[in-house]
């Protein structure tokens, strides 16, 4: 007697796949250690930023009597016009470096673990719609990154509150929330890129090498090609205020590479949210930067969905 054909399940499966993936991810020591390192650096960055700001203010206060004794006009406090969030400016560097790497490892491991352990062929043999599987994996990645940045934001907020002499208005707190929201979009793009690479490639080493190489190019190569800026310095929002050198080469490469410079777009948006105005004429600005980051998420999300829905059900271990 012929058995009735089973229809692939889709309803309610996405959250189940996401929850199971999150449980497995929480047991991955590599991801956990990277996440803890990132969180520690975020809190340390907030403290170091406050310490540097407090030191400058202390030096100015101590120098006031001597300056007044000279009878010359007393220069204003260099921190008077500095936005309250200025002390968090180095946060962009840590998110662009450590945060992006954590997102890449997360995206890679979510797919590689199923293939490495032989779980995916078992899943593929069940009446589970492949789109539901892909949606669950992508949801797990987005939730993981949101949780990581949520903890980082909470740590930053606690650090700021505990530090004296740094009053924050409601508008500043809202800007901080928007900063971490944009950071979530930025890191999600790299995580989705790594997830798609893990699904497309049959070699684990190549699957991880592709997103890492893309991250290296966007982070270290593009700044020098577009504005001759030291790569590490280019990640700092303050450097977004510095105009690139006048040169026919950079006048050409700046506008050409700007629409593809994901890290540069994030730096410019972060600079605006932290109170700095980019001076680079090729800068995409707030609207352009958010548009580029959103397009990157949609593009990598679509590619990842296509890769996961076409993933062979007989594939288990990746070929080295």
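Laboratory data are not the source of any read-out in this text; all were calculated from the coordinates shown. Model, not experiment: these values are computed from the prediction. Backbone-built Cβ (ideal geometry, glycine too); neighbour counts: all protein chains shown.
Arranged from fewest to most other beta-carbon atoms within 10 Å of their beta carbon, 94, 47 become 47, 94.
Each residue in 45, 96, 181, 312 was given a count of other beta-carbon atoms within 10 angstrom of its own, and listing them fewest first yields 312, 181, 45, 96. Distance between the modelled labels on residue 32 and residue 20, one decimal in nanometres: 2.2 nm (7 Å Cα→Cβ projection). One quarter of the surface of the convex hull around the alpha-carbon atoms of the stretch 22-173 equals 12.0 nm², the direction-averaged projected area.
Counting neighbouring Cβ atoms within 10 Å and putting the fewest first, the residues 129, 58 line up as 58, 129.
With all pairs of separate Cα atoms included, the stretch 67-119 yields a Kirkwood hydrodynamic radius of 15.7 Å. According to the calculation over all Cα-Cα pairs in the stretch 24-65, the P(r) per 5 Å bin from zero is 5, 20, 14, 13, 11, 9, 9, 6, 5, 4, 2, 1, 0 %. Computed extension gain for residue 44 through residue 151, at 0.36 nm per residue and net of the alpha carbon distance, reaches 37.1 nm.
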